[in-house]
Amino acid sequence: MSFPLIVAHRGYSAIAPENTLASLRKALEAGAHACEIDVHLTGDGEVVVMHDGTVDRTTNGTGALREMTLDQVRRLDAGAWKGPEYAGEPVPTLAEVLALLDGRAHLVCEVKDADIEEAVARTIVDAGAIERVTFIAFDHQMCARLRDVLPSVGVLWLIGDGDHDPGAVAEACLESNLQGVDAFYGAISEELADTLLRRGLSLWAWTVNQGDEALRLASLGVTSITTDDPVLIASALG
Ligand code: G3P
Ligand code: CA
């Protein structure tokens, strides 16, 4: 396997409706090593795949996922906004995503809600998918809870744009026994990469849609690159 690994952001979201099975199938066809998704809980406790906490932007419905049942969410169209060929594409459950990927690509699961780690963990255990998942989260406390709820699943701390103190970031990961950092690509400097990698931590990069930037990150030794367009990044990396 060659590095950096290519992670399809919300599936192959450059060409297909984000966070749908159609988008994940396109990512698999494109040869992505892993697929990233975002998960939330419905009002009746089902883990579903969507970036936002409301359905307004990516479906033909309105409202918060927490105020809807799975049955209501399943009746929405999550594909038509991207193009008529995707009309009728449903909002998938986490269980459906795990069944689709089933050893064909790793799953990078971003946990956005504050209190859903138990439900997410249960779904992964029920699917027998512990070895096929890595967690990411922006909230450091959520990262620690995810590590506790499924200790054998790797957890990376998401950090955004800005000026991060490399030593402090490394310490925060090591103290909480996290696998490493998944950083906004613009925040990745040579110093941040060196500090993390020399301490045995992983450094992933999101969300990179330019070939020259992918080459810069590869030269710094990042483990993976998350992108909306896995074909573009694979061809840039050669
Ligand atoms: O892969 C990390 C990235 O997904 C975080 O940002 O907003 O796309 O969930 P966002
Ligand atoms: Ca995400």
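Quick one: count up the residues across region 169-190 that are crowded, with 21+ Cβ neighbours inside 10 Å and more than 25 Å from residue 149 (Cα to Cα).
The qualifying residues number 2.
Which of the residues belonging to region 28-58 are more than 11 Å from ligand 2 (Cβ to nearest atom) and open to solvent by 40 Å² or more (accessible area, probe 1.4 Å)?
Those that are more than 11 Å from ligand 2 (Cβ to nearest atom) and open to solvent by 40 Å² or more (accessible area, probe 1.4 Å): 29, 31, 33, 43, 44, 46, 54, 56, 57.
Given 187, 105, 168, which one is under 28 Å from residue 54 (Cα atoms) and not polar (S, T, N, Q)?
105
How about region 30-60: which of its residues are small (Gly, Ala, Ser), part of a loop (DSSP other than H, G, I, E, B) and either touching a strand residue (DSSP E or B) at 6+ places or on another chain (Cβ under 9 Å) or under 22 Å from residue 226 (Cα atoms) (or both)? First the steps, then the outcome.
Narrowing region 30-60 to residues small (Gly, Ala, Ser): 30-32, 34, 43, 45, 53.
Now narrow it down to the ones that are part of a loop (DSSP other than H, G, I, E, B): 30-32, 43, 45, 53.
Scanning region 30-60 gives 30, 31, 32, 43, 53.
Being among the aliphatic types (A, V, I, L, M) and surrounded by fewer than 24 Cβ atoms within 10 Å (Cβ to Cβ) is the filter; apply it to region 1-27 and report the residue that is farthest from ligand 1 (Cβ to nearest atom).
For region 1-27, the residue satisfying everything is 1.
The rows are residues; the columns are (1) closer than 17 Å to residue 95 by Cα; (2) within 16 Å of ligand 1 (Cβ to nearest atom).
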{"site": "45", "(1), (2)": "yes, no"}
{"site": "48", "(1), (2)": "yes, yes"}
{"site": "54", "(1), (2)": "no, yes"}
{"site": "61", "(1), (2)": "no, no"}
{"site": "64", "(1), (2)": "no, no"}
{"site": "70", "(1), (2)": "yes, no"}
{"site": "77", "(1), (2)": "no, no"}
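Residues in region 191-238 that are in a strand (DSSP E or B) and surrounded by fewer than 16 Cβ atoms within 10 Å (Cβ to Cβ): how many?
The total comes to 0.
The values are calculated or read from the model by the stated rules, or taken from the named source; none is laboratory data. Every value quoted in this text rests on a predicted model; they were computed, and no experiment measured them. Please note: Cβ atoms are built from the backbone with ideal geometry, for glycine as well, and neighbour counts cover all protein chains shown. We work out accessible area using only protein heavy atoms, side chains counted, and drop any ligands, DNA or RNA first. Shrake-Rupley method; radii C 1.70, N 1.55, O 1.52, S 1.80 Å.
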